[in-house]
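Read through the structure below, which is laid out as structure tokens, and then see the notes.
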Amino acid sequence: MSHTVVFITCLTLALSAVHCLKRQNCGRHYQLKQIGAYTYCYRMHVIDKSDTIKMIDESHCRKTSRSSTISSISLRNKEEYEFVKMLYRSFHRLVRSIPLLIGLTYKNGRFHWFDRSSFNYTDFLGVGYKSHFSLYKKGDCRRIFLHSRIIHGDRKYYTFDVDCNAQFQQYFVLCRYQLPPPSKLISDFYRIAS
């Protein structure tokens, strides 16, 4: 084969790969959102069974996806918080007023996200919210919910916490996973093509 034919073939494959990568999607029932340099897929679930809330959201997310990066939602910045509120609001209209269990746990005096991301963004907790955690003893475990009542006009969002061993009858869980960056997909494509 001539060098020109090889070049044209490789160029066609590369352009096809780049075109496909621009159209990344999450699959059925997931919402796509780019936050900063990363692209994520989100899916809301309704949990309708009475079970302890200790890790139910994390295990539910892992059962519903093959992605190794799926986790219960963490709120890492204002942009993501606003997007989560929009998803909650749009999904919430269809169902009566129920809270959203987020992937945040308070244990041994510290907040922990299930996905192990840093706990840097706290605006969603509200003014003075963290101060009441000083009342808990070492070993106490609390799970955090986001909630908004269905009202017309401006909706107020607030958080509340519940003991990890408490049972909750009905709540939302929001699962999220990260799509691989396009540069990784392109390098994987070239590795496979060669």
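Looking across region 100-113, the residues that are buried (at least 18 other Cβ atoms within 10 Å of the Cβ) and of a type in the set (A, V, I, L, M, F, W, C) come down to 100, 101, 102, 104, 113.
Of the residues making up region 56-70, those that are of a type outside the set (Val, Ile, Thr), touching a residue at least 12 places away in the same chain (Cβ under 8 Å) and closer than 17 Å to residue 172 by Cβ number 5. Within this structure, residue 54 fails the test of being more than 18 Å from residue 112 (Cα to Cα) and either assigned by TED's automatic domain parsing to the domain that holds residue 121 or not acidic (Asp, Glu) (or both).
The values are calculated or read from the model by the stated rules, or taken from the named source; none is laboratory data. Keep in mind that what you see is a predicted model, and the values were worked out from it rather than measured. Don't worry about glycine lacking a Cβ; one is built from the backbone with ideal geometry, like all the others, and counts go over all protein chains shown.
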